[in-house]
1. Starting from residues that are surrounded by 14 or more Cβ atoms within 10 Å (Cβ to Cβ) and of a type in the set (Phe, Trp, Tyr), keep the ones in the stretch 80-101 and report whichever is nearest to the chain's Cα centre (by Cα).
2. I'd like the full set of residues that are in contact (Cβ under 8 Å) with a residue 12 or more places away in the chain and farther than 16 Å from residue 90 by Cβ, limited to the stretch 10-25.
3. Going through the stretch 1-51 one residue at a time, which ones are modelled with pLDDT of 95 or more and loosely packed, with under 12 Cβ neighbours inside 10 Å?
Amino acid sequence: MTADLPSVQDCLLCTAEQITPWYHEDDVCWIADCYQCATPMVVWKRHGTDPSDDDREHMLGELARVAEERFGDSHGGFWYDADMRTIPDHFHCHGRPKGAFFGPGGGPKPLPGR
């Protein structure tokens, strides 16, 4: 279990720059397209990897709503991908199109200015 830490200035998910379309934000999380794969991604607003069961349930419910709107009819649904590959110390989860990894027009891209 990883302890929840205060926001880390160098964490890309803590800084939450709005460089892609945003779909949701509340006190627990935000959802935007992932810059690297163009799929909706829910991000916990606390820096850490172990949200409470209530926070996790809330975040996955909001992600499901957004992912179903994006991929429901055109891609046959979505799947949760909570493998935190690039930023392993901050909880986030992607809603990927069924049978795929990248969203429409997605693929690896460098982050601006990095």
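The values are calculated or read from the model by the stated rules, or taken from the named source; none is laboratory data. If you're wondering where the values come from, they're calculated on a predicted model, not measured in any experiment. Note that we place each Cβ from the backbone using ideal geometry, even for glycine, and neighbour counts take in every protein chain shown.
1. Here the answer is 91.
2. If the condition is that a residue be in contact (Cβ under 8 Å) with a residue 12 or more places away in the chain and farther than 16 Å from residue 90 by Cβ, then 18, 19, 20, 21, 23, 24 are the ones that fit.
3. Hits for the stretch 1-51 are 26, 27.
Conditions tested, residue by residue: (1) among the aliphatic types (A, V, I, L, M); (2) under 19 Å from residue 79 (Cα atoms); (3) in contact with a Cys (Cβ under 8 Å, 6 or more places away or on another chain).
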| position | (1), (2), (3) |
| --- | --- |
| 28 | yes, no, no |
| 42 | yes, yes, yes |
| 51 | no, no, no |
| 56 | no, yes, no |
| 68 | no, yes, no |
